[in-house]
């Protein structure tokens, strides 16, 4: 069992009850976050990935390039340090750092406190850069409108099958570091097929923050998701809504 959230079912009934209670309380707080954002006319997206998939680099590469995007604020989640938050701040975004210590994910209560600090403006987008982990973050609704799972080609093509719950929860799977595709063993068509077998409604896009390939399509998706509010995605997500 995870020492902080009870995210794994070890067959013990007490563990299952604990997990249900933790998630039920979290879901209530997530709805408060969602209501808070709705009253502000803002939306929040939850970016999840394994460590090193390129979340921070993606956000850096967006800054100052696509000026037609709504105002973007960032909630940065890491176990320790403010290294990524410093990079985000240098890129020009308002940012709030959350350090989880031994925790393996962000939860709705942490994000509520960060939203108070961030104070998002009407019409803005809040991007949550979750703790690098392909397991626990999938369980915790933060009050987001949509979920984006990033996966780099350098990680290998087996991640959807190894971590199916994460990919079943995704509204968008963003395959990153696509400029490295010629140098790694990664079958993009097979990867997309595996994603769609798990989650037929998920979109799959490719992007390279280094070369700019796919950045326009990613930002178009981001704008469309913000404009739609993402609520219909949330309601259709398995186990949510």
Practice prompt. Could you list all residues from the range 189-217 that are within 23 Å of residue 43 (Cβ to Cβ), in contact (Cβ under 8 Å) with a residue 40 or more places away in the chain and out of contact with any strand residue (DSSP E or B) (no Cβ under 6 Å at 6 or more places or on another chain)?
Written response: 209, 215, 216
Item to complete: Filter the range 206-219 for residues that are outside any loop (DSSP other than H, G, I, E, B) and either under 16 Å from the mean Cα position of the chain (by Cα) or surrounded by 14 or more Cβ atoms within 10 Å (Cβ to Cβ) (or both) and give the result.
Response: 206, 215, 217, 218, 219
Worksheet item: Mind checking whether some residue in the range 175-187 is out of contact with any helix residue (DSSP H, G or I) (no Cβ under 7 Å at 6 or more places or on another chain) and in contact (Cβ under 8 Å) with a residue 60 or more places away in the chain?
Response: no
Discussion item. Just to verify a result, which residue in the range 40-58, among those that are modelled with pLDDT of 95 or more and in a helix (DSSP H, G or I), is surrounded by the most Cβ atoms within 10 Å (Cβ to Cβ)?
Written reply: 55
Worksheet item: Where in the range 64-178 are the helices (runs of 4 or more DSSP H), entirely inside, with at least 1 residues that are under 25 Å from residue 195 (Cβ atoms)?
Response: 159-162, 164-168
Worksheet item: Looking at 140, 167, 186, which one is buried (at least 20 other Cβ atoms within 10 Å of the Cβ) and in contact with a strand residue (DSSP E or B) (Cβ under 8 Å, 6 or more places away or on another chain)?
Response: 167
Item to complete: Only residues that are closer than 19 Å to residue 26 by Cα and more than 12 Å from the chain's Cα centre (by Cα): list them for the range 108-134, please.
Response: 108, 109, 110, 111, 112, 113, 114, 115, 116
Worksheet item: Quick check: is even one residue across the range 113-124 in contact with a strand residue (DSSP E or B) (Cβ under 7 Å, 6 or more places away or on another chain), modelled with pLDDT of 95 or more, more than 23 Å from residue 175 (Cα to Cα) and surrounded by fewer than 21 Cβ atoms within 10 Å (Cβ to Cβ)?
Response: yes
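The values are calculated or read from the model by the stated rules, or taken from the named source; none is laboratory data. What you see is a predicted model, and the numbers here were worked out from it, not measured in a lab. Cβ coordinates were reconstructed from backbone atoms using ideal geometry, including for glycine residues, and neighbour counts include every protein chain displayed.
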